[in-house]
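Engineer: Below: one structure in structure tokens.
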Amino acid sequence: MGTVTPRSVLRYETWTLQPDREPDAEAVLYARQCVGDGETSPSSEDFAEPQNWVLRHCGQSPSHHTYREIITRPWRTWRRT
């Protein structure tokens, strides 16, 4: 019948996932989205700017009371040795 040879080698490794805080990491960005109409604020590194957008938006649309916070945060993985 022939010789049996391994078809693959499994190697288990431990990986870590964490927010990327390296000096060259992408910036953390904040935005808000109106649940009522789906309109979204511009993204900003300053969380107060999207917050101000919400206040302006609800002033223009008084029936819109619910918003989502959208945070874009860079993450990185690395293998533990």
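The values are calculated or read from the model by the stated rules, or taken from the named source; none is laboratory data. Since we're looking at a predicted model, the values are computed, not measured. Cβ coordinates were reconstructed from backbone atoms using ideal geometry, including for glycine residues, and neighbour counts include every protein chain displayed. Note: accessible area is taken over every heavy atom of the protein model, side chains too, but ligands, DNA and RNA are not part of it. Shrake-Rupley method; radii C 1.70, N 1.55, O 1.52, S 1.80 Å.
Engineer: Mind putting a number on the dipole of the chain about its Cα centre? Charges go on the C-beta only, +1 for Lys and Arg and -1 for Asp and Glu, and I need it in Debye to the nearest 20.
Structural biologist: Working: 10 positive and 11 negative charges, 122 e Å.
Dipole magnitude for the chain comes out near 580 debye.
Engineer: What ³J(HN,Hα) values, in whole Hz, does the Karplus curve 6.51 cos²θ - 1.76 cosθ + 1.60 give for region 17-24 when θ = phi - 60°, with x put for Gly and Pro?
Structural biologist: 3J(HN,Hα) across region 17-24, in whole Hz: 10, 8, x, 7, 10, 5, x, 9.
Engineer: Quote to one decimal, in nm, the extra length available between Arg68 and Arg56 on full extension: 0.36 nm per residue of separation minus the C-alpha distance between them. Before the final figure, lay out each step's value.
Structural biologist: Values: separation 12, 0.36 × 12 = 4.32 nm, distance 1.52 nm.
My answer for the length gained is 2.8 nm.
Engineer: List the residues, sorted by chain then number, that are 5 or more residues from Arg32 or on another chain and whose placed amide H is less than 5 Å from its amide H.
Structural biologist: So Arg32 has HN proximity to Ser41, Ile70.
Engineer: Starting from 0 in steps of 5 Å, tell me what percent of the Cα-Cα pairs of region 1-48 lands in each bin.
Structural biologist: It works out to 4, 13, 10, 12, 10, 8, 8, 6, 6, 7, 5, 4, 4, 2, 0, in whole percents.
Engineer: Here's a follow-up. Leaving ligands, DNA and RNA out of it, report the carbon-plus-sulfur percent of the accessible area of the chain at a 1.4 Å probe. Could the numbers behind the result be given before it?
Structural biologist: Values: 3450 of 6910 Å².
Using a 1.4 Å probe with all protein chains present, the chain comes out at 50 percent carbon and sulfur.
Engineer: Determine ³J(HN,Hα), in whole Hz, for all residues of region 67-80 in sequence, where each value follows from phi through the Karplus function 6.51 cos²θ - 1.76 cosθ + 1.60 and θ = phi - 60°; x replaces Gly and Pro.
Structural biologist: 3J(HN,Hα) across region 67-80, in whole Hz: 9, 10, 9, 10, 10, 10, 10, x, 10, 9, 10, 8, 8, 6.
Engineer: Where does each of 71-79, 6-14 land if you order them by average Cβ count within 10 Å, highest first?
Structural biologist: Details: 71-79: 10.7, 6-14: 5.4.
Final packing ranking: 71-79, 6-14.
Engineer: Put +1 on the Cβ of each Lys and Arg and -1 on the Cβ of each Asp and Glu in the chain; which of Val4, Ala48, Leu17 then has its Cα farthest toward the positive end of the dipole?
Structural biologist: Toward the positive end, the furthest listed residue is Val4.
Engineer: Sticking to Cα atoms, compute the Rg of the chain to one decimal and its Dmax as the biggest Cα-Cα distance, whole number, in Å.
Structural biologist: 22.9, 79
Engineer: So, one more: Post the alpha-carbon centroid distance, region 45-67 to region 10-29, in whole angstrom.
Structural biologist: Each part reduced to its Cα centre gives a spacing of 32 Å.
Engineer: Further question on the same structure: Per residue, how large is the accessible surface of the chain? Use a 1.4 angstrom probe and give square angstrom. Before the final figure, lay out each step's value.
Structural biologist: Working: 6910 Å² over 81 residues.
That works out to 85 Å² per residue.
Engineer: Taking only Cα atoms, what is the 0 to 90° angle, nearest 10, from helix 48-60's long axis to the longest principal axis of the chain?
Structural biologist: In the chain, helix 48-60 runs at an angle near 50 degrees to the longest axis.
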